[in-house]
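Here is the structure we will look at.
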Amino acid sequence: MRRYALRRTLLGIITVVIVSMIIFIATRLSGDVAILIAPPDASDAEIQEIRVQLGLNKPIPYQYYVFVRNALKGDFGRSIRYNRPAIDVLLDRFFGTVELVGTAFIVSIVTGVLLGTLSATRRGTWLDQSGKLFALLGQSMPGFWVGIMLILVFSVNLGLLPTSGRDGISHLLLPSFSMAWYSIASIMRVTRSSMMDVMDSEYIKMARSKGNPEYIVIWKHGLKNALIPVIALAGVQLANLLGGAVIIENVFNWPGLGSMIVDAIYARDYPLVQAGVFFISIFLIALNLIVDLLFGFIDPRITYE
């Protein structure tokens, strides 16, 4: 497992370097930042002075070298829009995204596994049919549309929950459920399918023949062995939730990394864009590695050699 982890780590580092190169070049092809932040009546000499201050007068390879050298020290430059270190702006928004994505992920796992297990163990009943209908709707309706409908019902018509901002649990309910909507349906379908396979296996019949209560058979013997594909999907869904945060945060005006990156792109604040994308890419690569290694602890039959 150590060799596998080392190999995956090296591949992850290479991926981060490639991503950083792509976003570095793309931000500089979007336009001249010096012209954007200069006053409307600025002369050519003043614009050139801004380029010198930002280091934009240097060749692109040298600019990238400076970016990598400083990034390794945690220095991503100063945000052009906020006139603050980009890493400070990123950290201010980071906890907002962690709160939103973490809540949506927990809701997805708990609700999806619970509904999938109940649906698999009560095949053919109204509960099973309702679960399959929910899974179909969950994978058919995009999260941003669900969020707009929730705002219309619970905020506009009923006046129960706020439409935007981040200030307590009441502000968290609508965006977290909108973000978790698709993931709940996906996790539920996989859990149901995996549980149906497990419940027909011989060791489940053996557990029942020993006189174990049905809830012990289902939640201890059955669910434990049905969780391997669910964990694989959970890692993918967590990455999807982080990517989907860009849309949901803008729908609910939630102060997080996603809305920060979108605003930075419009403002051509390339230090902030680079810091945000660099940080998210490292997080996703580390997440994939952790999920892969987690399989070996859950199922000893899995090998990495």
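Just so it is clear, none of the values below were taken in a lab; they were calculated from the coordinates. Since this is a predicted model, take the numbers as computed values, not measurements. Cβ: placed from backbone, ideal geometry, glycine included. Neighbour counts: every protein chain shown.
For this structure, a couple of remarks:
- Working from Cα pairs under 8 Å separated by at least six residues, relative contact order for the chain is 28 percent.
- Span-like helix ranges in the chain, DSSP H, alpha carbon extent 20 angstrom or more, Kyte mean at least 1.6: 270-298
- Most positive-pole-ward Cα, Ile218, Ser119, Ile228, against dipole of segment 99-256 from beta carbon charges: Ile218
- Dipole orientation for the chain: of the candidates Gly258, Gln63, Phe283, Phe283 has the Cα lying most toward the positive pole (charges on Cβ; Lys, Arg +1; Asp, Glu -1).
- Spin-label pair Leu152/Ser140, simplified geometry with 7 Å Cα→Cβ offset, distance in nm: 1.6
- Separation of alpha-carbon centers, segment 240-263 and segment 138-171, rounded to whole Å: 15
- Taking 0.36 nm per residue of separation and subtracting the current Cα-Cα distance, fully stretching the chain between Ala232 and Val16 would add 75.5 nm.
- Around the Cα centre of the chain, unit charges on the Cβ atoms of Lys, Arg, Asp and Glu (plus for the first two, minus for the last two) sum to a dipole of about 1120 debye.
- The chain: most fluctuating residue of Ser79, Ser281, Ser140 per GNM, C-alpha cutoff 10 Å: Ser140
- Additional length obtainable on full extension of the chain from Asn57 to Leu161, 0.36 nm per residue less Cα span: 32.4 nm
- Note: relative contact order over segment 1-146, using C-alpha pairs below 8 Å and six or more positions apart, is 8 percent.
- Within the listed set Ser155, Ser194, Ser183, the residue fluctuating most in the Gaussian network model of the chain (springs between alpha-carbon atoms under 10 angstrom) is Ser155.
- The simple spin-label model puts a point 7 Å past each Cα toward its Cβ; for Ser170 and Arg84 those points are separated by 2.7 nm.
- Charges were assigned to the Cβ only: +1 to each Lys and Arg, -1 to each Asp and Glu. The resulting dipole of segment 99-256 about its Cα centre is roughly 520 debye.
- With contacts taken as Cα pairs under 8 Å at a separation of at least 6 residues, segment 99-256 carries a relative contact order of 35 percent.
- Applying 1/(1 + (r/R0)^6) with r as the Cβ-Cβ distance of Phe95 and Asp197 and R0 = 30 angstrom yields a FRET efficiency of 0.15.
- Cleavage-rule hits (GluC sites (Glu not before Pro)) in segment 37-123: DSSP loop, at most 13 neighbouring Cβ within 10 angstrom: none
- A crude spin-label estimate for the pair Ser209 and Arg69, with each label 7 Å from Cα along the Cβ direction, gives 7.2 nm.
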